Amino acid sequence: MHKLAAIAARETAQLTEFIALLKLEQDALKRADASALPAISEQKLRLVEALNAIEQERGVALGADAGENARSAMTRWLAANPEQKDIASSWKHLMDLAREAKQLHELNGQLIKMHLHQTGELLAVLTQQFQKNTLYGSDGQTSSTSGSRIVDSA
């Protein structure tokens, strides 16, 4: 097996695991299960680090020039090695998985924004209710009431 084929297989496995994790994150966000998110974030960070390491390994195997990005290095290598159809197929599959991961990540970001917006709206409502319950006392100063005449007069 060509070294690039082995790297692509490992990268595909890691990216597939990352996509599964993004789907778990999405499920947690849909359920508003914030307690599940820290563990998922830890796992995502671990997988991103592993994917970055594999990408660097692939760059070395491709003989990538300093500063050359992964896509252009792979495109260059595939153009120079057209007989490596299995590696070209693996690369295409990897790019498809990367697009799927990007879409899931963006959707999860939108879900997070939605939750933050709803939280902000709830806080605004609660703040308004608190401010409405503020009355002037007999000394002319504002005072908060609890809504209970018994407690407020004590």
Would you kindly derive the ³J(HN,Hα) couplings of the range 17-22 from the backbone phi angles with the Karplus curve 6.51 cos²θ - 1.76 cosθ + 1.60 (θ = phi - 60°), listing them in order in whole Hz, with x for Gly and Pro?
5, 5, 4, 4, 5, 4
Under 29 Å from LYS3, Cα to Cα: lysines that are on another chain or at least 8 residues apart
LYS44, LYS85, LYS92, LYS102
Using alpha carbons only: equivalent-ellipsoid semi-axes of the range 79-118, gyration tensor based, whole Å:
37, 7, 4
Distant alpha-carbon pairs in the range 36-80 (separation over 11 angstrom), percent:
67
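Read the figures in this text as sums done on the coordinates, not as results from a lab. Computed from a predicted model, the values in this text were never measured in an experiment.
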